[in-house]
Amino acid sequence: MPISMDALVISLRTRLEERRREQQPGTAFRLRQETRLDVQLDTRGVRAVAWNEYFFLINGTEWSGRAGPSLMLNFVGVHVPVTKSTAIEPGYLNQTIFVAGRNPMLHVAALFVTAHL
C-alpha cells in the first residue's frame, strides 16, 4: 500500500529536567531529546511507530553519576487505538546505558499505554 506524505508524522520533543533526591546533596540537570516517527497503516488509526530518546546529564552529582551521555532508549512497535482516548503500543525496546567501559544494552518486549483525558 503506497504511503502518502500526510500519513507520515515526525515529532521532536526536548525536555530539561531538574532532579533531586531526598537526603542527598546536589541538584542534577539533564536534557532529554525524543525523536518519533509515526506512519499511518489503516483508516482506524493503527500506526507503525519508532522513537529514540537520548538523555544527557548537564552536571554530575554523587547520586546521578558523571556529566555527559547517560541513557538512550529506542522503540519500534505498533500504535493501536483501544477507545477514543486510550491506545496501546506493543513493541521492542532497546535500552543502552552509558557507563565507563562497555555500555550495557537491554532488549525488552514493551507495552506502553497512553490516555488523553
With a 10 Å Cβ neighbour count serving as the proxy for reagent exposure, in which order, fewest first, do Thr96, Thr27 appear? Thr27, Thr96
Computed log₁₀ I(q)/I(0) - Debye formula, equal Cα scatterers, no solvent, the chain, q 0.23 Å⁻¹: -1.27
Surrounding charge for Arg15, neighbours by C-beta under 11 angstrom, Lys/Arg +1, Asp/Glu -1, total -1
Normalised per residue, the volume of the convex hull around the Cα set of the stretch 75-117 (Å³): 60 Å³
What does the charge dipole of the chain about its Cα centre add up to, to the nearest 20 debye, if the Cβ of each Lys and Arg holds +1 and the Cβ of each Asp and Glu holds -1? 200 debye
Relative contact order computed over the stretch 41-83 (Cα-Cα under 8 Å; 6+ residues apart), in percent: 48 percent
Mean Cα-pair separation over length for the chain, i.e. relative contact order, pairs under 8 Å, 6 or more apart, %: 17 percent
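Every read-out reported here was derived from the displayed coordinates using simple, explicitly stated rules and does not represent laboratory data. Since this is a predicted model, take the numbers as computed values, not measurements. Note that each Cβ is placed from the backbone with ideal geometry, even for glycine, and that neighbours are counted across all protein chains shown.
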